[in-house]
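The values are calculated or read from the model by the stated rules, or taken from the named source; none is laboratory data. Computed from a predicted model, the values in this text were never measured in an experiment. Positions of Cβ are generated from backbone atoms using ideal geometry, with glycine treated the same way; all protein chains shown enter the neighbour counts.
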Amino acid sequence: MARKNSDAAARAASGGGLNPRWWVPTALGLMLLGLVWVMTYYISSGAYPIPNVDAINIVVGFAFIMVGFIMMTRWK
């Protein structure tokens, strides 16, 4: 029991649990990509980004946003 606590404290003190430098820019980029995807769909009245799939464009846009949001919850 004491060994487990000391290992966790050593890992926290060394900063071993930090994310790589690309983590936050990637998460923000995915959220912005999702926002731009949904905005493009609405502004173009469904002609872009992928025509003939209608509301699936909204699902794709929100999927990008959700992946970015999930990445941000794991940011340390």
Exercise. For region 47-76, which residues satisfy the criterion of being within 13 Å of P25 (Cα to Cα) and at pLDDT below 95?
Worked result: W75
Exercise. Which of the residues spanning region 16-53 are over 16 Å from F69 (Cα atoms), loosely packed, with under 13 Cβ neighbours inside 10 Å and not aliphatic (A, V, I, L, M)?
Worked result: G16, G17, P20, R21, Y42, S44, S45, Y48, P51, N52
